[in-house]
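S.K.: I have a structure here, written as structure tokens, and I will follow up with some questions on it.
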Amino acid sequence: MPEAPPTRAGRRLRGATTVALTASATLLAGLLGSATAHADTSPSDSVSSDNVEHVANVPKPEAISNTNSDLAFTGDYAIGGNYDGFVVYDISEPEAPRVVSEVLCPGGQGDVSVSGNLLYFAVDYPRAGDECGAPSTSTTDPDGFEGVRVFDISDKANPQYVAAVRTDCGSHTLTPVPGKDGEHDYVYVSSYSPSSRFPNCRPPHDKISVIEVPLDDPASAEVIDAPVLFPEGGNRSTSGCHDITAYPEKDIAAGACMGDGIMMDISDPAAPVVTEVVRDENFAFWHSATFTNDADTVIFTDELGGGGAPTCTEEIGPERGANAVHTLEETADGHSLEFASYFKIDRHQGDQVCVAHNGSLIPVPGRNYFVQSWYQGGISVIDFNDPKNPREIGYFDADSRIDPDVQDNDTWSAYYYNGYVYSSDIVRGLDVLRLTDPRMRVAERVTYDEFNPQTQAGYRPGNR
């Protein structure tokens, strides 16, 4: 049985840097060229555009001070994932957020999703056991734990650890999908990079894990299937999926699977079925996906350089390390994805680490706007109402080359939630932005009781 996690203990962490980012930067140095080869020029003449206002920052707390990862939202709370656990923020006053609790439970990558009173936490670095205090162990340890931790967050000041579910290759990201019966959640677990040396992560790994969670007994959560998504083998670089975004109301999901982009039928949430596979010679690493509200368009992102290299440069160009916008049509055989365009910020970042990363729709009914993180490239607001001609219409990019009094940003994810944009910044902590663009005003009328970027919900003005 998992032990209760340490909370607000003031304990210092190992101070480890992000192994994945460092390794990616080293690995790709030969492909992308030395960082010093890129001109160290400012990306613009200001930290933010006139229609984006920075309203708050909460620095990372001392106990959870490793790399910040993803965000999820429930009611008046934001949950911030971290390689060493998670932080619960009270955002009832968005311009004055405060820390409610800190849960120290290391394991990386720390992506989080919420479902009612449950929190799902991704563990992608092996631990010697499933308890929160277990030390790290080698990927060659057959008894090492990787997978998904389940917490009860009904008391936001005192989350309780209720289950640990082991999955092959751990959990890099996770996507909850509600069961049709209202009594279960299904969690799709994405992971990759198998090796014959890893007893719990052997090739081929062309699959995901599906965890079933009984909502009245989450402690009995278990893996019920591991469907093979690429029975004939994926693209040469595909050895699993990085991320899956579900749209349960439409019974569809989009997967970003390293060398492949896929569509899935999730009408039976326990048994997802691949209905379309697409590839792109310009894409190095299919990273994530977002549907439009009417599900007629999908944005896929390419994490060229693995989040550890400067790719927002003139040398790399506008079509690599970018978003790819696809139109989506339902066909007799499933779905058809048609490429429409690329989008990449044209605020060149010099030697700063910059590449397309996590974002979400801005819920303007009938219109298509997107807010997105670009690591040290900051946060971009994108108009893609014309899928063939997306364009940036706003940004926040804290850069000491522009303003020596600001701390440089390195934003992992940026999401719109109930009137504000929240950014999980690897170094700065939690940033809060307000969009003052008149085109976004109607989005303030769309409110949610819960929001997971990887589990999209449709919206209309005034909906909850």
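S.K.: Condition check: in contact with a Pro (Cβ under 7 Å, 6 or more places away or on another chain) and of a type in the set (Gly, Ala, Ser). Does residue 220 satisfy that?
M.R.: yes
S.K.: Next up: I'd like the residue in the stretch 356-372 that is of a type in the set (Gly, Ala, Ser) and part of a strand (DSSP E or B) and, out of all such residues, is nearest to residue 308 (Cα to Cα).
M.R.: The selected residue is 359.
S.K.: Which of the numbered conditions does residue 6 fail, given that it passes all the others? Conditions: (1) open to solvent by 40 Å² or more (accessible area, probe 1.4 Å); (2) at pLDDT below 95.
M.R.: Checking residue 6 against (1) open to solvent by 40 Å² or more (accessible area, probe 1.4 Å); (2) at pLDDT below 95, the one that fails is (1).
S.K.: Moving on. Restricting the search to the stretch 179-195, which residues are touching a Leu at 6+ places or on another chain (Cβ under 7 Å) and more than 16 Å from residue 454 (Cα to Cα)?
M.R.: If the condition is that a residue be touching a Leu at 6+ places or on another chain (Cβ under 7 Å) and more than 16 Å from residue 454 (Cα to Cα), then 183, 184 are the ones that fit.
S.K.: Which condition does residue 400 not pass, out of (1) in a strand (DSSP E or B); (2) among the hydroxyl-bearing types (Ser, Thr, Tyr); (3) out of contact with any Gly (no Cβ under 8 Å at 6 or more places or on another chain), if it passes all the others?
M.R.: (1)
S.K.: Residue 164 - would you say it is farther than 17 Å from residue 69 by Cα and assigned to a loop (DSSP other than H, G, I, E, B)?
M.R.: no
S.K.: Please go through the stretch 199-229 and pick out each residue that is out of contact with any Cys (no Cβ under 8 Å at 6 or more places or on another chain), more than 27 Å from residue 183 (Cβ to Cβ) and open to solvent by less than 40 Å² (accessible area, probe 1.4 Å).
M.R.: Passing the criteria: only 206.
S.K.: Now for a separate question. Being under 18 Å from the mean Cα position of the chain (by Cα), open to solvent by 50 Å² or more (accessible area, probe 1.4 Å) and closer than 30 Å to residue 449 by Cβ is the filter here; which residues of the stretch 383-434 pass it?
M.R.: None - no residue of the stretch 383-434 is under 18 Å from the mean Cα position of the chain (by Cα), open to solvent by 50 Å² or more (accessible area, probe 1.4 Å) and closer than 30 Å to residue 449 by Cβ, so the list stays empty.
S.K.: Now for a separate question. Within the set of pairs 6+ apart or on separate chains, which have a first residue in the stretch 122-143 that is of a type in the set (Ser, Thr, Tyr), a second that is surrounded by fewer than 20 Cβ atoms within 10 Å (Cβ to Cβ), and C-beta atoms under 6 Å apart?
M.R.: Matching pairs, first to second residue: 137/128; 140/197.
S.K.: I would also like to ask the following. Considering every residue within the stretch 373-380, establish whether at least one is modelled with pLDDT of 95 or more, farther than 20 Å from residue 424 by Cα and surrounded by 24 or more Cβ atoms within 10 Å (Cβ to Cβ).
M.R.: Taking every residue of the stretch 373-380 in turn, none turns out to be modelled with pLDDT of 95 or more, farther than 20 Å from residue 424 by Cα and surrounded by 24 or more Cβ atoms within 10 Å (Cβ to Cβ).
S.K.: Return a yes/no flag: does the stretch 53-71 have any residue that is closer than 20 Å to residue 449 by Cα, in contact with an Asp or Glu (Cβ under 8 Å, 6 or more places away or on another chain), in contact (Cβ under 8 Å) with a residue 40 or more places away in the chain and open to solvent by less than 10 Å² (accessible area, probe 1.4 Å).
M.R.: So far as the stretch 53-71 goes, yes, one or more of its residues are closer than 20 Å to residue 449 by Cα, in contact with an Asp or Glu (Cβ under 8 Å, 6 or more places away or on another chain), in contact (Cβ under 8 Å) with a residue 40 or more places away in the chain and open to solvent by less than 10 Å² (accessible area, probe 1.4 Å).
S.K.: Output the number of the condition that residue 185 fails; it satisfies all remaining conditions of (1) within 19 Å of residue 279 (Cβ to Cβ); (2) in a strand (DSSP E or B).
M.R.: (1)
S.K.: Among the residues of the stretch 253-265, write down those that are in a strand (DSSP E or B) and open to solvent by less than 10 Å² (accessible area, probe 1.4 Å).
M.R.: The answer is 253, 254, 255, 256, 257, 260, 261, 262, 263, 264.
S.K.: Determine whether residue 120 is in a strand (DSSP E or B), closer than 30 Å to residue 234 by Cβ and open to solvent by 10 Å² or more (accessible area, probe 1.4 Å).
M.R.: When the stated conditions are applied, residue 120 does not pass them.
S.K.: Restricting to the stretch 230-252, what's the tally of residues that are open to solvent by 20 Å² or more (accessible area, probe 1.4 Å) and in a loop (DSSP other than H, G, I, E, B)?
M.R.: 9
S.K.: Applying the selection to the stretch 266-313, what residues are among the hydrophobic types (A, V, I, L, M, F, W, C), crowded, with 24+ Cβ neighbours inside 10 Å and closer than 22 Å to residue 226 by Cα?
M.R.: 286, 289
S.K.: How many residues does the stretch 311-341 contain that are part of a strand (DSSP E or B) and in contact with a strand residue (DSSP E or B) (Cβ under 6 Å, 6 or more places away or on another chain)?
M.R.: Result for the stretch 311-341: 15.
S.K.: A follow-up question, please. Looking only at the stretch 74-110, filter to residues that are over 20 Å from the mean Cα position of the chain (by Cα) and of a type in the set (Ser, Thr, Tyr); which one of those is most open to solvent (accessible area, probe 1.4 Å)?
M.R.: Per the criteria, the residue is 92.
S.K.: Name the one entry in 334, 321, 350, 359 that is open to solvent by less than 30 Å² (accessible area, probe 1.4 Å), touching a helix residue (DSSP H, G or I) at 6+ places or on another chain (Cβ under 8 Å), in contact (Cβ under 8 Å) with a residue 12 or more places away in the chain and of a type outside the set (S, T, N, Q).
M.R.: None of the other options fit; the residue is 321.
S.K.: Of all residues in the stretch 181-195, which are under 19 Å from the mean Cα position of the chain (by Cα), over 15 Å from residue 218 (Cβ atoms) and either open to solvent by 10 Å² or more (accessible area, probe 1.4 Å) or of a type in the set (Val, Ile, Thr) (or both)?
M.R.: Result: 189, 192, 193.
S.K.: Looking only at the stretch 289-310, how many residues end up being assigned to a strand (DSSP E or B) and over 17 Å from residue 371 (Cα atoms)?
M.R.: 1
The values are calculated or read from the model by the stated rules, or taken from the named source; none is laboratory data. Values in this document were obtained by computation on a predicted structure and should not be read as measured data. Ideal geometry is used to build each Cβ from the backbone, glycine not excepted, and the neighbour counts take in all protein chains shown. All accessible areas refer to the heavy atoms of the entire protein, side chains included, with ligands and DNA or RNA removed. Shrake-Rupley method; radii C 1.70, N 1.55, O 1.52, S 1.80 Å.
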